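Asker: I am attaching a structure below and will ask some questions about it afterwards.
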Amino acid sequence: MLTLRIEGEVRAALEENRPVVALESTLITHGLPYPDNVNTALSMEQAVRTGGATPATIAVINGEICVGLSALEIEQLAQAENVRKCSRRDLAIAVARGETAATTVAGTMIVSAMAGIRVFATGGIGGVHRGHPFDVSADLIELGRTPVAVVCSGAKSILDLPLTLEVLETQGVPVIGYQTDTLPAFYARSSGLAVDVRVETPEEVAAIIKSAGRLGMTHGILIGVPVHAADELDATVAEQAIVQATNEAEAQGVTGKRVTPFVLARVAELTGGKSRQANTSFLVNNAQIAGKIASALAVSENELEEIDRDV
Ligand code: PSU
Ligand code: MN
């Protein structure tokens, strides 16, 4: 079995059953421009610590799967060009060819599970593309097959959110609203679509993750956290920018994995940077909440271990 390069602090935390939160790298290479991408990635790491956990940013560096990057590596990734966006199908290619590549939600979930990390924070997951019901992000399928809890702000309304929820249901993925009744819509706090359950605290999320583990469930869990109200983009403004950007992508023949980065960049231009402000705000917030969830999970599992030992 191929070994992962697990950074020292992360390795120690995992060995001692202390909380760790995974962070993805595609948002560094494809989601945000330089230098916002480095600053946001480092702020997310700090936010995970504030939440009480150790951050592990995941990427492939020179063909090696890395769990935990140095600040220099994050900086290099942030400036690198033509980096492969690594979902499930791409991981073996990147490793075999000795590439430096960024992991998507799906790619990061796979590596997290290999490393024993159970909580992962990001901005938004991929979904079903509007008007293209067969362009279903591998993120949704991965959520159905890999036991990692993904803390995010839902998905952009560039995607067909009702169909995205349908696929998650088919894949057996619980969708949890963190202090909300509806699936967040990335820049906007609500998509208007109901979640499966609403929770108020990190402990409640941890309890669900723990139950899934004890039931031997092999699927992931989605936790939707809305952007802070002060940083929210007006839903109509967001919607219009997204529709225009999506139409332009279509007109320019942008397809497949290039769609998400294209639309994100264009929406930022169209909203005069406001979409990016919302984006960084919820990325950092999600990282902190994921840190708290991972901490609550560690506390609760360590208690369990003690009880098991007593009996
Ligand atoms: N959504 C964003 N920003 C991103 C992504 C999604 O707002 O950077 C990235 C994530 O890494 C996600 C991936 O896993 O895009 C989904 O790509 P696709 O739709 O090609 O599966
Ligand atoms: Mn796609």
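Asker: Out of all the residues in the stretch 116-143, which are part of a helix (DSSP H, G or I) and either open to solvent by 20 Å² or more (accessible area, probe 1.4 Å) or within 13 Å of ligand 2 (Cβ to nearest atom) (or both)?
Answerer: Quick first cut of the stretch 116-143, residues part of a helix (DSSP H, G or I) only: 138-143.
Within the stretch 116-143, 138, 139, 140, 141, 142 meet the criteria.
Asker: Residues to consider are 190, 211; find the one that is under 24 Å from residue 300 (Cα atoms) and hydroxyl-bearing (Ser, Thr, Tyr). Lay out the reasoning, then the answer.
Answerer: On the way: 190 fails: under 24 Å from residue 300 (Cα atoms).
Within the list 190, 211, the selection yields 211.
Asker: Let me confirm something: among 245, 241, which residue is without any contact (Cβ under 8 Å) to a residue 60 or more places away in the chain and open to solvent by less than 40 Å² (accessible area, probe 1.4 Å)?
Answerer: On the way: 245 fails: without any contact (Cβ under 8 Å) to a residue 60 or more places away in the chain.
Answer to the selection: 241.
Asker: Test residue 168 against the criterion of being on the phi < 0 side of the Ramachandran plot and in a helix (DSSP H, G or I), and give yes or no. Working first, answer last.
Answerer: On the way: on the phi < 0 side of the Ramachandran plot: yes; in a helix (DSSP H, G or I): yes.
Spelling it out, residue 168 is indeed on the phi < 0 side of the Ramachandran plot and in a helix (DSSP H, G or I).
Asker: Further, regarding this structure: For the stretch 28-86, what are the residues that are surrounded by 20 or more Cβ atoms within 10 Å (Cβ to Cβ) and out of contact with any Ser or Thr (no Cβ under 9 Å at 6 or more places or on another chain)?
Answerer: Residues satisfying the conditions are 29, 47, 54, 55.
Asker: Would you mind telling me which numbered condition in (1) away from ligand 1 (no atom under 15 Å from the Cβ); (2) buried (at least 22 other Cβ atoms within 10 Å of the Cβ); (3) more than 11 Å from the chain's Cα centre (by Cα) residue 166 fails?
Answerer: (2)
Asker: While we're looking at this one, here's another question. Evaluate the following for residue 298: is it more than 16 Å from ligand 1 (Cβ to nearest atom) and not polar (S, T, N, Q)? Working first, answer last.
Answerer: Details: more than 16 Å from ligand 1 (Cβ to nearest atom): yes; not polar (S, T, N, Q): yes.
Yes: the conditions hold for residue 298.
Asker: For residue 184, are the conditions met, namely being surrounded by fewer than 20 Cβ atoms within 10 Å (Cβ to Cβ) and within 16 Å of ligand 1 (Cβ to nearest atom)? Let's see the steps before the verdict.
Answerer: Values: surrounded by fewer than 20 Cβ atoms within 10 Å (Cβ to Cβ): no; within 16 Å of ligand 1 (Cβ to nearest atom): yes.
So residue 184 fails the test.
Asker: If I filter the stretch 243-279 down to residues being assigned to a helix (DSSP H, G or I) and in contact with a Phe, Trp or Tyr (Cβ under 6 Å, 6 or more places away or on another chain), which single residue comes out as nearest to residue 81 (Cα to Cα)? Show your work before the answer.
Answerer: Filtering the stretch 243-279 down to residues assigned to a helix (DSSP H, G or I) leaves 243-251, 256-270, 274-279.
With the extra rule that they be in contact with a Phe, Trp or Tyr (Cβ under 6 Å, 6 or more places away or on another chain), the set shrinks to 249, 275, 278.
Values: 249: 21, 275: 23, 278: 25 Å.
Ranking the qualifying residues of the stretch 243-279, first place goes to 249.
Asker: Can you find, within the stretch 14-61, the residue that is nearest to ligand 1 (Cβ to nearest atom) among those that are under 15 Å from residue 112 (Cβ atoms) and of a type in the set (Val, Ile, Thr)?
Answerer: Only one residue fits best here, namely 26.
Asker: Which residue pairs have Cβ atoms closer than 9 Å, lie 6 or more positions apart in sequence or on different chains, and pair a first residue in the stretch 254-265 that is farther than 17 Å from residue 238 by Cα with a second residue that is of a type in the set (Phe, Trp, Tyr) and surrounded by fewer than 20 Cβ atoms within 10 Å (Cβ to Cβ)?
Answerer: Qualifying pairs under 9 Å: 254/262.
Asker: Filter the stretch 144-162 down to residues that are within 13 Å of ligand 2 (Cβ to nearest atom) and either touching an Asp or Glu at 6+ places or on another chain (Cβ under 6 Å) or open to solvent by 50 Å² or more (accessible area, probe 1.4 Å) (or both), then give me how many there are. Spell out how you get there, then give the answer.
Answerer: Step one: list which residues in the stretch 144-162 are within 13 Å of ligand 2 (Cβ to nearest atom), which gives 155-156, 158-160.
Among the residues that remain, those that are also either touching an Asp or Glu at 6+ places or on another chain (Cβ under 6 Å) or open to solvent by 50 Å² or more (accessible area, probe 1.4 Å) (or both) are: none.
Of the residues in the stretch 144-162, 0 are within 13 Å of ligand 2 (Cβ to nearest atom) and either touching an Asp or Glu at 6+ places or on another chain (Cβ under 6 Å) or open to solvent by 50 Å² or more (accessible area, probe 1.4 Å) (or both).
Asker: Ok, one more. It is to be established whether one or more residues within the stretch 272-289 are within 16 Å of ligand 2 (Cβ to nearest atom) and either under 22 Å from the mean Cα position of the chain (by Cα) or not small (Gly, Ala, Ser) (or both). So that I can check it myself, show each step before the final result.
Answerer: Here is the first cut: in the stretch 272-289, the residues within 16 Å of ligand 2 (Cβ to nearest atom) are none.
No, the conditions are met nowhere in the stretch 272-289.
Asker: Which one of these does residue 239 not meet: (1) in contact with a helix residue (DSSP H, G or I) (Cβ under 8 Å, 6 or more places away or on another chain); (2) more than 16 Å from ligand 2 (Cβ to nearest atom); (3) in a helix (DSSP H, G or I)?
Answerer: (1)
The values are calculated or read from the model by the stated rules, or taken from the named source; none is laboratory data. This is a predicted model, so every value here is computed, not measured. When we count neighbours, we look across all protein chains shown, and the Cβ atoms used for this are built from the backbone with ideal geometry, even at glycine. Note: areas computed on protein heavy atoms with side chains; ligands, DNA, RNA excluded. Shrake-Rupley method; radii C 1.70, N 1.55, O 1.52, S 1.80 Å.
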